1. Projected onto the charge dipole of the stretch 50-227 (+1 at Lys/Arg Cβ, -1 at Asp/Glu Cβ, origin at the Cα centre), which of Asn64, Thr178, Ala88 gives the Cα projection farthest towards the positive end?
2. Sort Tyr316, Tyr437 from largest to smallest accessible area, using a 1.4 Å probe on the heavy atoms of the protein chains.
3. Taking square-rooted eigenvalues a ≥ b ≥ c of the alpha carbon gyration tensor, is the stretch 121-207 rounded, prolate or oblate, where a/c under 1.5 means rounded and, failing that, a/b exceeding b/c means prolate?
4. Do any GluC sites (Glu not before Pro) in the stretch 252-350 lie in a loop, going by DSSP, with at most 12 other beta-carbon atoms within 10 Å of their beta carbon, and if so which?
5. With all protein chains present and a 1.4 Å probe, how do His31, His311 order by accessible area, largest first?
6. Kindly provide the GluC sites (Glu not before Pro) of the stretch 43-138 that DSSP labels as loop, not H, G, I, E or B, and whose Cβ sees at most 16 other Cβ atoms within 10 Å.
7. With charges only on Cβ, +1 for K and R and -1 for D and E, what is the dipole size of the stretch 50-227 about its Cα centre, in debye, rounded to 20?
8. What accessible surface, in Å², does a 1.4 Å probe find on Ser312, ignoring ligands, DNA and RNA and rounding to the nearest 10?
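The values are calculated or read from the model by the stated rules, or taken from the named source; none is laboratory data. Small disclaimer: the values here were computed from a predicted structure and weren't measured. Neighbour counts run over all protein chains shown; Cβ positions are idealised from the backbone, glycine included. Remember, those area values only see protein heavy atoms, side chains included, never the ligands or the DNA or RNA. Shrake-Rupley method; radii C 1.70, N 1.55, O 1.52, S 1.80 Å.
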Amino acid sequence: MNNIEVDFSKCYPYLKSEEILIFDNMTREIHNMMHNKNCIGSEYLGWLNLPSEFPKDEIKRIKNVAVNIKKHSDAFIIVGIGGSYLGARAVIEGLTHTFHNSLPKSERTAPKIYFAGNNISSTYLSEILDMVEHIDFSINVISKSGTTTEPAIAFRFLKDVLEKKYGKDGARERIFITTDKNKGAMRKLCDEEGYENFVIPDDIGGRYSVLTSVGLLPIAVAGIDIEELLKGAEDASVEYNNYNLEENSCYRYAIARHLLYMKGKFIEIMATYEPCMNYFGEWWKQLFGESLGKNHTGIFPATVNFSTDLHSMGQYIQEGLRIFFETTINIKETKRELVIFNDEKNIDELNFLEGKTIDYINKRAMEGTELAHNQGEVPNITITIPNLSPYYVGYMIYFFEKACSVCGYLIGVNPFDQQGVENYKSNMFALLGKPGYEDKKIELEMKLEEMNNENFSRCRCMSCKTNHRECSKRIW
Ligand code: PA5
């Protein structure tokens with residue numbers, strides 16, 4: 001089989017394979033623009049040839065640092081948000097033992113792995129701090145801008161604990177920074193404190209950065225073979241460097257989702273059948289959501305993990321609004337296998353499955369679901385990989401990165417910017433009273449007041465004309 005097989009047969013009759021070929025010329029144009037770097041956003045195409053161009057000495061340095069971290073740390077905390085942690089988490093959770101952190105030390109080949117700085121919950125951070133109190137740990141703070149609030153808050157607290165625990169010099173041995181070459185608060189701090197640091201290339205944005213040191217250092221610390229991961233991505237970059245649609249399943253996937261979108265399928269649900277793939281789904285969701293949700297257009301990416309979510313979202317997918325299509329990730333060979341054994345009493349009535357593997361049952365659940373959804377007007381694209389190994393995960397990462405950027409050009413948006421994310425940030429800074437945001441603060445406070453007055457100025461009980469707040473019969 002090919003490294004990644006993409007099957008559109010269950011898209012029928014909503015999408016016919018010959019329709020995909022209509023995009024032949026357009027795809028060729030997009031391909032040439034991307035590879036000649038003369039498209040909008042071309043300054044962020046550094047990921048395109050990265051797997052083959054990644055400096056060998058940097059791989060060596062990452063591996064050496066990972067070995068040192070493993071020597072002195074029983075826990076490793078990855079501090080970052082969005083593109084600065086989702087890729088690493090996807091790969092680590094996909095490729096390590098599901099209960100890695102709970103295994104006895106003797107059975108672990110890597111420190112326990114935790115994530116911080118990806119929310120603003122004081123409970124979450126306090127509990128991370130509780131946990132590290134009695135454990136030897138190191139941290140990797142990852143922030144391209146070096147100014148993101150969430151990781152900055154987590155870093156302030158974790159650095160404080162490290163310095164109290166190991167002294168300033170000891171803490172320095174346990175703090176690793178991944179950030180911009182020249183700018184941002186993290187860069188300044190690195191230069192002042194002399195932390196070991198890794199550079200995020202200028203031409204690679206957060207959500208395309210998992211195969212840079214952003215992802216590679218944490219992934220290496222987790223004991224995963226980063227060279228195999230890069231090799232998979234490199235082979236994918238060769239396979240998908242081909243504008244011939246019949247030979248390029250990555251481009252066919254991009255076009256298929258575009259066509260389905262044009263036919264009113266506004267939501268793509270990525271369905272996985274392995275819980276360890278949940279974060280791969282999160283990474284994919286960010287990649288497609290942040291890259292393509294612009295100019296009031298773009299498919300909304302959602303994820304489900306089956307069969308778990310068949311018992312919660314299955315009903316809606318089968319019979320709710322018909323605005324979905326589904327993309328299933330099928331992993332041909334499972335990591336671990338269990339066989340159903342005979343039970344004399346057979347009270348659970350499972351003896352008819354005796355001798356069958358659990359993965360066999362999972363695969364039949366997958367086929368049954370795809371057929372049911374197709375019959376329920378949910379077209380299905382199935383993406384099959386041979387197994388979950390660093391090589392194939394690297395391959396899939398590249399597949400989706402390239403497909404996503406092609407999709408951006410198909411709908412006419414720049415797949416590498418994220419202006420919309422700034423809106424919440426500036427509102428938050430203004431409401432927090434950050435210096436420089438004074439005018440915005442006044443504007444927002446007026447807006448809040450206006451919204452409040454609008455909501456309460458009329459009574460909704462319909463039986464009086466009084467102010468809503470004062471109406472004794474008010475209904476909400
Ligand atoms: O993909 C992106 O660009 C974002 O998700 C960023 O990675 C995220 O906002 C974190 O930014 P930074 O790495 O600058 O802290």
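1. Asn64
2. Tyr316, Tyr437
3. oblate
4. Working: sites: Glu268, Glu282, Glu290, Glu319, Glu326, Glu333, Glu337, Glu344, Glu349; in loops: Glu337, Glu344, Glu349.
Of the GluC sites (Glu not before Pro), the ones in loops of the stretch 252-350 whose Cβ has at most 12 other Cβ atoms within 10 Å are Glu337, Glu344, Glu349.
5. His311, His31
6. Values: sites: Glu43, Glu53, Glu58, Glu93, Glu107, Glu127, Glu133; in loops: Glu133.
Of the GluC sites (Glu not before Pro), the ones in loops of the stretch 43-138 whose Cβ has at most 16 other Cβ atoms within 10 Å are Glu133.
7. Working: 23 positive and 24 negative charges, 22 e Å.
Here the stretch 50-227 has a charge dipole of around 100 debye.
8. 70 Å²
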